[in-house]
Structure formats: structure tokens, C-alpha cells
């Protein structure tokens, strides 16, 4: 019984580490995880990479919105699956030329 308790405690993330994660660290982790999963060539499910991303659920969601608004990623929801893809350097140039206009998020049932 002691070994099982120790294993459970050892695999549980420490609460103090998730609170100290910065927004930049989360953004970098999302971009790196997408690149590792092939997000430059194809869409990747969020569930595939979410366990590798530090921070709370709310911090992760804010990071996704922040990256989407900065046009660093594409995001589309198909059914119950959130699909992500990295933006290309050309997309970044277009966004810089266009300025900071708000993006409209289409909703498709």
C-alpha cells in the first residue's frame, strides 16, 4: 500500500510549479509541441499535445487565443475536436502588413 501511495504522489504534478508558469513559456511550449507533432504540414489535435503543455487549463486556453490572435497558429473545431496548425512565415508577413485588426472567429455547426 505504501508503494502505490508513493507512485500516485510521484506522478501528480506539483501545484506550485503550475502557478509559476509564464505566458511566454506556455506559448513556446505550444509552438514547440505543434512543430514536433508535424503541425507545419498537417492539422494536429489539441488532445495530442495538451499533456505536454505546462500551466492550468485556463492558462493554456488563453495562450491558444493569444497565439491565434497573433496569427501564429490556425485553429478550427470539427465536431468535438480542436485542430491546430502552425502558420507559415508568409502568414506572419501578411499579418504584419495588415496591422493589428481584430480577427473574426467563424462558427460552423
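Just so it is clear, none of the values below were taken in a lab; they were calculated from the coordinates. Predicted model only: the values in this text are computed from it and were never measured. Note that we place each Cβ from the backbone using ideal geometry, even for glycine, and neighbour counts take in every protein chain shown.
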message = Per 0.36 nm of contour for each residue apart, how much would the distance between residue 78 and residue 94 grow if the chain were fully extended, relative to their Cα-Cα spacing?
response = 3.2 nm
Whole-number percent relative contact order across the stretch 20-98, with pairs defined as alpha carbons under 8 Å at least 6 apart = 34
task = Determine, for each peptide in 75-84, 30-39, 53-62, the mean count of other beta carbons within 10 angstrom over its residues, then list the peptides with the highest first.
result = 30-39, 53-62, 75-84
